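Each remark here refers to the structure printed beneath this line.
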Amino acid sequence: MTDVGPASARQRLDAALSGLATTFRGMTARPDEHNCECHWGSAEDLARLKEADTELDPDLLHRTWRAIDWSDHPAVLRRILPQFATALVDGSIEPLFGPEEAGRCFALGHWRRRPAEQAAAVEEFLAAWWVYTLTAADAPRARPPGARAERRGLGDADPVAADLGDGERSRRRPAAGRRGGALGARPAR
């Protein structure tokens, strides 16, 4: 059986975050990308999305991942993904309306349709984040999209099942459920 203790789960998560940073290095929004200035942000904010590898301030990151009306949402997701994933993991951003809101951002980005290396990096991040939140007592309350993720295009609603046997999975579930939170919906059984 795969070792899924908190230390190994954190190592896997750190490796997945590093993989996202490497895989999506240099990505930008399309040069002709636009959004409504009065609802989303200024031309200067939009220009930041067209610059590769520059950190966005937390407010701009939040407005970017929550917006649903990008002309090329996949390109915008690729641009913000390393920073977005890190912020989800460390709890510095938390969707207001539950895991489906973060799941919607991933789904609109059509990440499974990307080249194999990009899709694999996203899939590994989501699986590693899931395992970490279920095994680490100090994991932030935010948790990856769970039971309804499959309907949102994220794939397997319980990727931890691949790493844990049925007995191990059910033994760990009660502790995970106690951490709850906005992204803390209980995983599908």
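Return a yes/no flag: does the range 67-83 have any residue that is more than 25 Å from A7 (Cβ to Cβ), in contact (Cβ under 8 Å) with a residue 60 or more places away in the chain and aromatic (F, W, Y). Checking the range 67-83: not a single residue is more than 25 Å from A7 (Cβ to Cβ), in contact (Cβ under 8 Å) with a residue 60 or more places away in the chain and aromatic (F, W, Y).
The set of residues in the range 15-27 that are more than 12 Å from L77 (Cβ to Cβ) and surrounded by 17 or more Cβ atoms within 10 Å (Cβ to Cβ) comprises A16, L17, G19, T23. Checking the stated criteria, A87 turns out not to satisfy the condition of being closer than 14 Å to L126 by Cα, part of a helix (DSSP H, G or I) and in contact (Cβ under 8 Å) with a residue 40 or more places away in the chain. For the range 62-80: of the residues being under 20 Å from P140 (Cβ atoms) and in contact with a helix residue (DSSP H, G or I) (Cβ under 6 Å, 6 or more places away or on another chain), which is surrounded by the most Cβ atoms within 10 Å (Cβ to Cβ)? Step by step, filter the range 62-80, then rank; the result is W65.
To keep it simple, each residue is scored yes or no on (1) more than 18 Å from the chain's Cα centre (by Cα); (2) at pLDDT below 95; (3) not in a helix (DSSP H, G or I).
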residue	(1), (2), (3)
L13	no, no, no
A16	no, no, no
G26	yes, no, yes
A47	yes, no, no
D69	yes, yes, yes
L81	no, no, no
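Can you list residue pairs whose Cβ atoms sit under 7 Å apart, with the first residue in the range 26-41 being over 19 Å from Q83 (Cα atoms) and the second being polar (S, T, N, Q) and surrounded by fewer than 17 Cβ atoms within 10 Å (Cβ to Cβ)? Count only pairs 6 or more apart in sequence or on different chains. These pairs meet every condition: E33/S71; H34/S71.
The values are calculated or read from the model by the stated rules, or taken from the named source; none is laboratory data. Being a predicted model, the structure only gives us computed values, none of them experimental. Virtual Cβ from ideal backbone geometry, glycine too; neighbours counted across all protein chains shown.
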